Amino acid sequence: MISSAIRRVSLLALLVLAGCSSEPKKTQPERQPADVKAQIVALLPPQASDRQGWANDIFAAFNSQQLDPTSANLCSVIAVTGQESNFSADANVAGLPKIAWGEIDRRAGKLHIPAFVVRTALMIKSPNGKSYTDRLDNVRSEKELSAIFDDFINMVPMGQTLFGNLNPIHTGGPMQVSIAFAEAHARGYPYPVDGSIRREVFSRRGGIWFGTLHLLGYPVSYTRQIYRFADFNAGWYASRNAAFQAAVSRLSGIKLALDGDLIVYGSDTAGSTELAVRTLGKRLDMSERAIRSALEKGDSEAFEKTDLWEKVFALADKNGGARQPRERLPGITLSSPKITRNLTTAWFAQRVESRYQRCMSQASAAQK
């Protein structure tokens, strides 16, 4: 009788734990689209204009990606969008002409091309009738600057020399999503593509769609949304991987950058985290090859199922005398020509978290 009761309790515990995995796919009965859109409109911050347009695009992203439009998921997207663009689909960036010219001068200097040669080349007319110099001197948004660089690369020989086929604008849109991420995850995009995925990212609909996918489109076991917000800034599973790095650092005595990068991607060379794990090889009873194989799963949920993950945390829990965190805000300093202060991934995640909590309070109040 007692054994049977224990089995039932254990089964219940497993089911509860399984339910904590926050892959936000639809699990509840579908709500009417009009009801979901009305909730989104109500949750948007006061400064958001064209509220129905934003609601339509957010709903379309959730619907086509089969994401559950819970208050938590909706508020997550709203919070990130508010932090990244303040709900401006094509926000102005202060000092953008200086940033643009700085990138051009940097590339020219790297290739030993005199500045006056570059400036002369840019005085020719671009496809819209204005010179590239004039457009660069008056550029106001990243969308506009990306289009200038596209024209520049395709139309001017100097553009190919400086940039090849690589537009130096790497993120964009109302959620500041990575262009490379969008291009790699374009399958299932529900809208007709206006020229290129890059251009779609700079639209409201495309920026929201790819931003939502980047934020919610992968399963995690986090206890709080703040770790998804950190991942949005640092990369999928960065918060989980940073916790693993912290455990390895404690066990090995080797100081590691808790950045979430477990291997040197695109290279067979062992990075600092891999080298630190190797020093634990005998204690883990794992070969270097087995360690590498497990670390290569660091960009997926599968890493948590590896022997390496389980053995490292078993040792770390024993060493620490308590269960060690399986999630941690990455220690990354943000670097960008647009950033003029000392900002970090943790700062970003905490700022988004504060917006998220305000949105959730609003959602809770509306349900009373």
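Observations on the model:
- Test for A89: is it surrounded by fewer than 19 Cβ atoms within 10 Å (Cβ to Cβ) and small (G, A, S): no
- Taking the numbered list (1) at pLDDT 95 or above; (2) touching a Gly at 6+ places or on another chain (Cβ under 8 Å) in turn, P337 passes all entries but (1).
- Unmet criterion (only one of (1) in contact (Cβ under 8 Å) with a residue 12 or more places away in the chain; (2) surrounded by fewer than 24 Cβ atoms within 10 Å (Cβ to Cβ)) for V264: (1)
- Considering the stretch 235-260, and only residues there that are touching a residue at least 24 places away in the same chain (Cβ under 8 Å) and assigned to a loop (DSSP other than H, G, I, E, B), the residue that is nearest to the chain's Cα centre (by Cα) turns out to be G235.
- Hits in the stretch 273-305 - residues which are polar (S, T, N, Q) and either surrounded by fewer than 16 Cβ atoms within 10 Å (Cβ to Cβ) or not assigned by TED's automatic domain parsing to the domain that holds I263 (or both): T279, S287, S293, S300
- Complete set of residues in the stretch 272-318 that are touching a residue at least 12 places away in the same chain (Cβ under 8 Å), outside any helix (DSSP H, G or I) and under 30 Å from the mean Cα position of the chain (by Cα): E296, G298, D299, S300, T306
- Per-region count, the stretch 118-143, residues touching a helix residue (DSSP H, G or I) at 6+ places or on another chain (Cβ under 8 Å) and in a helix (DSSP H, G or I): 9
- Any hit, the stretch 7-23, residues being modelled with pLDDT of 65 or more, surrounded by 10 or more Cβ atoms within 10 Å (Cβ to Cβ) and of a type outside the set (V, I, T): no
The values are calculated or read from the model by the stated rules, or taken from the named source; none is laboratory data. In this text, all values refer to a predicted model and were calculated from it rather than measured experimentally. Backbone-built Cβ (ideal geometry, glycine too); neighbour counts: all protein chains shown.
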